[in-house]
1. Please compute P(r) over all alpha-carbon pairs of the range 163-288, binned at 10 Å starting from zero, and give each bin as a whole-number percent.
2. Using 0.36 nm times the number of residues separating A271 and A129, minus their current alpha carbon distance, what extension gain do you get?
3. For S179 and T264 in the same chain, what is the full-extension length gain: residue separation times 0.36 nm, less their Cα-Cα distance, in nm?
4. Show log10 I(q)/I(0) for the range 128-225 at q = 0.19, 0.21 Å⁻¹, two decimals, from a solvent-free Debye sum over equal Cα scatterers.
5. With a 10 Å cut-off between alpha carbons and a GNM built on the chain, which of L71, L222, L15 moves the most?
6. Could you calculate the FRET efficiency of Y172 with W212 from 1/(1 + (r/R0)^6), where r is the beta carbon distance between them and R0 is 41 Å, rounded to 0.05?
7. Tell me, rounded to the nearest percent, the portion of alpha carbon pairs in the chain spaced more than 36 Å apart.
8. Once the Cα gyration tensor of the range 1-68 is found, what semi-axes does its equivalent ellipsoid get, as square roots of 5 times the eigenvalues, in whole Å, sorted largest first?
Amino acid sequence: MSGTNNRLGILLMCLTTFVFAMQDGISRYMASEYNAYLVVMIRYWFFAAFVVALSARRPGGLRKAVKTKHLWLQVFRGALLAAEIVVTVVSFTLLGLTETHAIFICYPLMIAALSGPILGESVGWRRWAAIGVGLIGVLIILQPGYGVFSPAAIVPIVGALMFAVYGLATRYVATDDGSAVSFFYTGTVGMVCMTAVGVFFWEPIIGTDWYWMITLCITGVLGHWLLIKTYDHAEASAVQPFAYLQLPFASALGIFAFGETLRTNVAIGAAIIVAAGLFTLWRERQAK
């Protein structure tokens, strides 16, 4: 960390969530016109190029970036994140940005719940209570007992679970591998996996859609660069609560750009999930 400046870090995190929300909006459009595998594959090509270039410029270069004590777990992380992105992009086309993000935002609660059995971390009764409250928020969104439950709602839940496992794996490898190593494997392994699948779904991108594809790649690189700068200037515990801003940003984009509607139960459920997640973050900070 170059020097702690939490105010600048918070500002950067807000900008990061806005850029990622824009990325999600473009992904929603492109995946509605083209195959999700193709869209994510091209996005990963640019992301991997950024990761390799960034790693090469750091002290020790690429030789240091590839050194890991958890090779197969790093490979698993990279492949899992690539698969999670595909699942989430598909969810955008099925449910829209608003409802996908409202459900997906429960992933920090999943991390808290799984950190005990997987990592052996202590999870007190207060955090278990917050996890239970968050589950109530998810059920309010899904409305399983009112005859309006859509099987498609399972897709973002699967995506959130995959991202939670990815987060836990990242925590585990962080005990021995630096963030630069994990970042390198995230980009390069994801690119290899998506290319291995995406080439079989290749289709020509027409006309101005190439501009949207290029913009999608730029927002992906810019978002990750901003995230790196965020943690370079501020403590993670100080800026993490502001990551929830991606939910209102993406919801606003879904409503105004794609004509989505924000149902009352979705708004209430999302608010409960966010409140439970913020409480969980606060308890983790208190425990530390």
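Coordinate-derived values only; no laboratory data. Predicted model, so just to flag it, every value in this text is computed and none were measured. Note: ideal-geometry Cβ built from the backbone for every residue, glycine included; neighbour counts use all protein chains shown.
1. 9, 27, 34, 25, 5, 0
2. Values: separation 142, 0.36 × 142 = 51.12 nm, distance 1.61 nm.
Length gained, A271 through A129: 49.5 nm.
3. 26.6 nm
4. -1.13, -1.16
5. L71
6. Step by step, r from the Cβ atoms, then E = 0.65.
7. 13
8. Taking √(5λ) for each Cα gyration eigenvalue gives 28, 22, 7 Å.
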